[in-house]
Amino acid sequence: MTVALATLRTAFLEAWSNRRGFWFQVGIMAANDVAWVIFWVLFFRKVGNLRGWDTHKVLLLFAILTTVSGTGLGLLSNSRRLGELIAGGQLDAALALPTNPLTYLLTRRVDTALLGDLAFGPVLFVVAGDPTPERAVVFVFGALCGTVVLVGFLVALGSVTLFAGGRGEQADLGFQAILIFASYPIDVFGGLTKLFLFTAVPAAFVTGLPTSLVSSFRWPVALGALGAAAFFALAAATTFRIGLRRYSSGALWTRV
């Protein structure tokens, strides 16, 4: 854990070294988030209510989504690039270090723009989420579970490159799919599509269940979110570990 924190700190300092660029990217992402908030406010002002979702509940979903994306894709930027790193032979440098290679890769880079999401999400919760100490704890719990599911899903997809080869683009495709579905209220989907969001592309565990928990806490839902996080964390670690046994060096030494 100490090594991971030190690596993350180094990655953050690298991003911080260009302070003007850092704040510009953070500001652009925050402005983009504000635009989405305006869109949802105007949308629900027009339609009123959509399958039990109103402005308040959707803004809560968006607060969780931006917090999750800021943590999982901002602080752990390489989670969506793992397949590309493996395909490019850039795993070699991590394997030479006296630390867990997956942990090192995940903490090696931060995405400055998505740190804007990480800052925006909690602020939106404070402004529009009717915060209380209890709801704040549930919000953090739900966001952490959603982050683990998101990162675990992307790492598992990226680790497939260790078995199947290729250019490792499947994690980026998975990223696009899960973020698109997670951006919308889960109840607008039905039938097989909704089942799909609890299985193949687990967007429901990224935002749907956490939003439901903050709105109305229920232990079965909390245990379901925690179980999903544990499952995807284990799936990611196991897929990467087993795949690593099959890995052949790409003979390419570079920064990751």
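The values are calculated or read from the model by the stated rules, or taken from the named source; none is laboratory data. Predicted model only: the values in this text are computed from it and were never measured. Ideal geometry is used to build each Cβ from the backbone, glycine not excepted, and the neighbour counts take in all protein chains shown.
Can you work out which of the residues in region 177-212 that are of a type in the set (A, V, I, L, M) and over 18 Å from the mean Cα position of the chain (by Cα) is nearest to PHE139 (Cα to Cα)?
Only one residue tops the list, namely VAL188.
Kindly indicate which of VAL214, VAL206 is more than 19 Å from LEU106 (Cβ to Cβ), assigned to a helix (DSSP H, G or I) and of a type outside the set (D, E, K, R). Before you say what the answer is, go through the steps one by one.
Numbers: VAL206 fails: more than 19 Å from LEU106 (Cβ to Cβ).
From the options VAL214, VAL206, the qualifying one is VAL214.
Is it true that THR199 is out of contact with any Ser or Thr (no Cβ under 9 Å at 6 or more places or on another chain), over 21 Å from ASP33 (Cα atoms) and β-branched (Val, Ile, Thr)? Quick ask: steps written out before the conclusion?
Numbers: out of contact with any Ser or Thr (no Cβ under 9 Å at 6 or more places or on another chain): yes; over 21 Å from ASP33 (Cα atoms): yes; β-branched (Val, Ile, Thr): yes.
Taking the combined requirement at face value, the residue satisfies it.
Say we look at region 10-41 and pick out the residues that are aliphatic (A, V, I, L, M) and in contact with a helix residue (DSSP H, G or I) (Cβ under 6 Å, 6 or more places away or on another chain); which of these is farthest from THR107 (Cα to Cα)?
Quick first cut of region 10-41, residues aliphatic (A, V, I, L, M) only: 11, 13, 15, 26, 28-31, 34-35, 37-38, 41.
Retained after the next criterion (residues that are in contact with a helix residue (DSSP H, G or I) (Cβ under 6 Å, 6 or more places away or on another chain)): 15, 26, 29-30, 41.
Details: ALA15: 13, VAL26: 19, MET29: 21, ALA30: 23, VAL41: 35 Å.
Ranking the candidates gives VAL41 first.
Quick check on region 65-83. Is at least one of its residues aliphatic (A, V, I, L, M) and free of Cβ contacts under 8 Å to residues at least 40 places away in the same chain?
no
Every residue in region 1-34 that is among the small types (Gly, Ala, Ser) and either part of a helix (DSSP H, G or I) or at pLDDT 95 or above (or both), please.
So the first thing to find is which residues in region 1-34 are among the small types (Gly, Ala, Ser), and the list is 4, 6, 11, 15, 17, 21, 27, 30-31.
The answer is ALA4, ALA6, ALA11, ALA15, GLY21, GLY27, ALA30, ALA31.
Pull up region 65-87, narrow it to residues that are more than 15 Å from the chain's Cα centre (by Cα) and of a type outside the set (A, V, I, L, M, F, W, C), then point me to the one that is surrounded by the most Cβ atoms within 10 Å (Cβ to Cβ). Quick ask: steps written out before the conclusion?
Within region 65-87, the subset more than 15 Å from the chain's Cα centre (by Cα) is 83-87.
Of the ones still in play, those that are also of a type outside the set (A, V, I, L, M, F, W, C) are 83-84.
On the way: GLY83: 26, GLU84: 17.
Result: GLY83.
Would you be able to say whether some residue in region 35-58 is within 22 Å of the chain's Cα centre (by Cα) and without any contact (Cβ under 8 Å) to a residue 12 or more places away in the chain? Outline the logic, then answer.
Pass one, region 35-58, residues within 22 Å of the chain's Cα centre (by Cα): 35-37, 40, 57-58.
From what is left, the residues that are without any contact (Cβ under 8 Å) to a residue 12 or more places away in the chain are 35.
Yes; the residues of region 35-58 include at least one that is within 22 Å of the chain's Cα centre (by Cα) and without any contact (Cβ under 8 Å) to a residue 12 or more places away in the chain.
Tell me which of these ALA136 doesn't satisfy, since it passes every other one: (1) surrounded by 19 or more Cβ atoms within 10 Å (Cβ to Cβ); (2) in a helix (DSSP H, G or I).
(1)
This table checks each residue for (1) more than 23 Å from THR107 (Cα to Cα); (2) of a type in the set (A, V, I, L, M, F, W, C); (3) modelled with pLDDT of 95 or more; (4) in contact with a His (Cβ under 8 Å, 6 or more places away or on another chain).
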| site | (1), (2), (3), (4) |
| --- | --- |
| LEU144 | no, yes, yes, no |
| GLY152 | no, no, yes, no |
| SER159 | no, no, no, no |
| ASP172 | no, no, no, no |
| ILE186 | yes, yes, no, no |
| LYS194 | yes, no, no, no |
| ALA228 | no, yes, yes, no |
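Since GLN90 meets every condition but one in (1) within 15 Å of ALA237 (Cβ to Cβ); (2) touching a Gly at 6+ places or on another chain (Cβ under 8 Å); (3) polar (S, T, N, Q), which condition does it not meet?
With (1) within 15 Å of ALA237 (Cβ to Cβ); (2) touching a Gly at 6+ places or on another chain (Cβ under 8 Å); (3) polar (S, T, N, Q) applied to GLN90, the lone miss is (1).
Tell me the helices (runs of 4 or more DSSP H) entirely within region 88-131 that contain at least 1 residues that are more than 14 Å from the chain's Cα centre (by Cα), charged (D, E, K, R) and at pLDDT 95 or above.
Working: elements: 91-95, 101-107, 112-128.
Once the helices (runs of 4 or more DSSP H) in region 88-131 are filtered for at least 1 residues that are more than 14 Å from the chain's Cα centre (by Cα), charged (D, E, K, R) and at pLDDT 95 or above, nothing remains.
Would you mention how many residues in region 165-198 are touching a residue at least 24 places away in the same chain (Cβ under 8 Å) and not aliphatic (A, V, I, L, M)?
12
Name, by its number, the condition in (1) in a helix (DSSP H, G or I); (2) over 27 Å from GLY88 (Cα atoms) that does not hold for THR199.
Evaluating THR199 over (1) in a helix (DSSP H, G or I); (2) over 27 Å from GLY88 (Cα atoms) leaves (1) as the failure.
Among what's in region 139-176 and is polar (S, T, N, Q) and either crowded, with 22+ Cβ neighbours inside 10 Å or part of a loop (DSSP other than H, G, I, E, B) (or both), pick the residue that is nearest to the chain's Cα centre (by Cα).
Narrowing region 139-176 to residues polar (S, T, N, Q): 147, 159, 161, 170, 176.
Now drop any that are not either crowded, with 22+ Cβ neighbours inside 10 Å or part of a loop (DSSP other than H, G, I, E, B) (or both), which leaves 147, 159, 161.
Numbers: THR147: 5, SER159: 17, THR161: 20 Å.
Of everything passing the filter in region 139-176, THR147 is nearest to the chain's Cα centre (by Cα).
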